[in-house]
Amino acid sequence: MMQHITGVSRQQMRFSSLEDAISPDNQVRFIDAFVGHIDLCKLGFAIKTLKAEGRPSFNSKVFLKMYLYGYLNGVRSGRDLEKECLRNMEMQWLLEDIRPNYHSITDFRKSNPAALKNTFKLFVSFLKDADLIGCETIAIDGTKSRAHNSKKANFNQKKIDKHLEYIETKTQEYLNA
């Protein structure tokens, strides 16, 4: 009689694909579809042209997918994104198992700060158009909800404008980092 649950032998051969490892409703599928349908030139990305000699460059969409995934999961540094490419099955699926080094990853961010900012704005616009987020100002009489709501949680147009400015600043800090 066995006392413990045993795992699969590491030498056991298995047949599987990257597609099998990612569920149909995984967030990486959304990132892939979003990046697949946008025009990078219109957003201001520097598109690398193919050269006659040397190693071909990576498609800019690979890096954009990587940064959106990293932003969504709190992974910001180029070195950490490189590690995710090596060990994270979602990232491998998203990039079709392309594994750029950290220098290429950070060069993309340095070369395209304005385009990344435009992409983040487009992404929010897309969420608005898809009715996934609402962008309406709602006012509630504070006397009815004060017991359930702090001053920090009440927003007027002035606070919303200040918060949007804060988000813009944080986005710029993220791009600078």
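When the stretch 156-177 is limited to residues that are within 30 Å of Phe108 (Cβ to Cβ) and open to solvent by 80 Å² or more (accessible area, probe 1.4 Å), the one that is modelled with the lowest pLDDT turns out to be Ala177. Of the set (1) open to solvent by less than 90 Å² (accessible area, probe 1.4 Å); (2) more than 14 Å from the chain's Cα centre (by Cα); (3) over 20 Å from Arg109 (Cα atoms), all apply to Leu43 but (3).
Screening Phe34, Phe30 for residues that are out of contact with any Lys or Arg (no Cβ under 7 Å at 6 or more places or on another chain) and either under 16 Å from Ala177 (Cα atoms) or free of Cβ contacts under 8 Å to residues at least 12 places away in the same chain (or both) leaves exactly one candidate, Phe30. The residues of the stretch 46-94 that are among the aliphatic types (A, V, I, L, M), under 23 Å from Asp20 (Cα atoms) and either in contact with a helix residue (DSSP H, G or I) (Cβ under 6 Å, 6 or more places away or on another chain) or open to solvent by less than 70 Å² (accessible area, probe 1.4 Å) (or both), listed by number, are Val62, Met66, Leu68, Leu81, Met89, Met91, Leu94. Would you confirm, using the coordinates I've provided, whether Phe58 is within 16 Å of Ala115 (Cβ to Cβ) and either touching a Cys at 6+ places or on another chain (Cβ under 6 Å) or not in a helix (DSSP H, G or I) (or both)? So Phe58 fits the description; yes. Beta carbons closer than 9 Å, at least 6 apart along the sequence or on distinct chains, pair a first residue in the stretch 96-113 that is of a type in the set (Val, Ile, Thr) with a second that is part of a loop (DSSP other than H, G, I, E, B) and open to solvent by 60 Å² or more (accessible area, probe 1.4 Å) for Ile98/Asn59.
The values are calculated or read from the model by the stated rules, or taken from the named source; none is laboratory data. Predicted model, so just to flag it, every value in this text is computed and none were measured. Neighbour counts run over all protein chains shown; Cβ positions are idealised from the backbone, glycine included. Side chains are part of the model used for accessible areas, which takes the heavy atoms of the whole protein and leaves out ligands, DNA and RNA. Shrake-Rupley method; radii C 1.70, N 1.55, O 1.52, S 1.80 Å.
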